[in-house]
1. Given contacts defined as C-alpha pairs under 8 Å and at least six residues apart, what's the relative contact order of chain B, whole-number percent?
2. Could you check what % of the DSSP bridge pairs in the protein assembly as shown are antiparallel, to the nearest 5?
3. Among B:108, B:73, B:202, which one shows the highest mean-square fluctuation when chain B is modelled as a Gaussian network with alpha-carbon springs under 10 Å?
4. Grab the Cα-Cα distance for residue B:214 and residue B:228, subtract it from 0.36 nm times how many residues apart they are, and report the gain in nm with one decimal.
5. Provide Rg and Dmax in Å for the stretch A:77-155, with only Cα atoms included in the calculation.
6. What is the Cα centroid distance between the stretch B:214-230 and the stretch A:107-134, reported in whole angstrom?
7. Once you have all Cα-Cα distances for the stretch A:129-227, histogram them in 10 Å bins from zero and send the whole-percent values.
8. Using a Debye calculation, one point per C-alpha and no hydration shell, please list log10 I(q)/I(0) for the stretch B:172-229 at q = 0.19, 0.23, 0.27 Å⁻¹ in order.
């Protein structure tokens, strides 16, 4: 198939944490599509750039950084139109996705549109979840553990109940919700079982003791891992 | 550091779904350690073998395939002794892990022992969770979804409650528990939202309609993905 479309996970930040398969597909891309903020650089692009082919066209999809990140469907529809156009020109189109394409990635909204008309092959990527676990030396889950991923913007009572029912928890998208989440974990007596990392494997990665974090300086790309046995191997 | 020890995720099955970093580390391995069944081939070895260096020693860790897979600590302790010995000989030691090392991987038990004495760098891998999602074209979670990973050997009431409280669910380690789990999902009216795959990205991968699966032929390496909105992008 000449005009195949690929959605590839570029991994969490370290350009070496891309798969051989994703790199091979990038090598023969004619058009590279990626999300980008309206001001500033695209993270997905900066991760994958060392693997770009010598010649290619690029199509940034500018996404407004609204606080709640609700999908901007109009933007995705417009981007899909441009992708359809390139597909009709028999171009090999590669869409870059931070981390894993289908783990809380906005790529899925474009996928939902373009997969109705074209075959889209999705190449999984290393998610921030697995990267954080590796860097923190804190295994996610073992044996018959229940592992729950909880977005921090959810209500306190929801987060609390989920933590109480799980063996292991990852709390993602902390940002301005961090103080509230830390207080909640403290209330549950689990602060000593919790570890924190921001921008795992990116060049500005930071691991900070959860008690020492400046509440006003927590980015969106941050994560708390918590295991009720403290270490999953115990 | 001469005698560094690495735990690398080799990905879910497709040898191309290994990271560039893991491949680079494998290239300079002196000793390659991997889990293996008492009879038959090591899955981790077969995934990574295309990337092995020309010359290396190998150390299989034979793990009895008991029904409940409770960690065989004596075996891990013995393997750790052999790893310590190799480390003292200034060898670069690479331990292979199916999927991601810290996502329900038995590697963590060895890590728990050897990381007390040596620096162990863990390289994350593509887990079966992300691979299944990509192959099934079924995104795991979006926005503020709660995503819960549930091992199938757990009790019915536990699984039921977890499904009811989550937006998206992955049920892993199905094997002989499959009929019970399918019945439970049916009872909750979520069978139409559920997709099934076994051995995602391995050469013997199978995607089967969840209603059509032979209950007596479900392997351990199988997974059900379920999203309460049917598709995460909706």
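1. Details: 442 pairs, mean separation 52.1, N = 234.
In percent, rounded to a whole number, it is 22.
2. Numbers: 30 of 80 bridges.
Here the antiparallel bridges make up roughly 40 percent for the protein assembly as shown.
3. Answer for the Gaussian network model of chain B: B:73.
4. Working: separation 14, 0.36 × 14 = 5.04 nm, distance 2.47 nm.
Full extension from residue B:214 to residue B:228 adds 2.6 nm.
5. Cα only, the stretch A:77-155: 16.8, 50 Å (Rg, Dmax).
6. 20
7. P(r) over the stretch A:129-227, rounded to whole percents: 16, 55, 27, 2.
8. Results for the stretch B:172-229 at q = 0.19, 0.23, 0.27 Å⁻¹ read -0.62, -0.90, -1.20.
FYI, it's all coordinate maths here, none of it is from the lab. Predicted model, so just to flag it, every value in this text is computed and none were measured. Because the Cβ atoms are built from the backbone with ideal geometry, glycine has one as well, and the counts that use them run over all protein chains shown.
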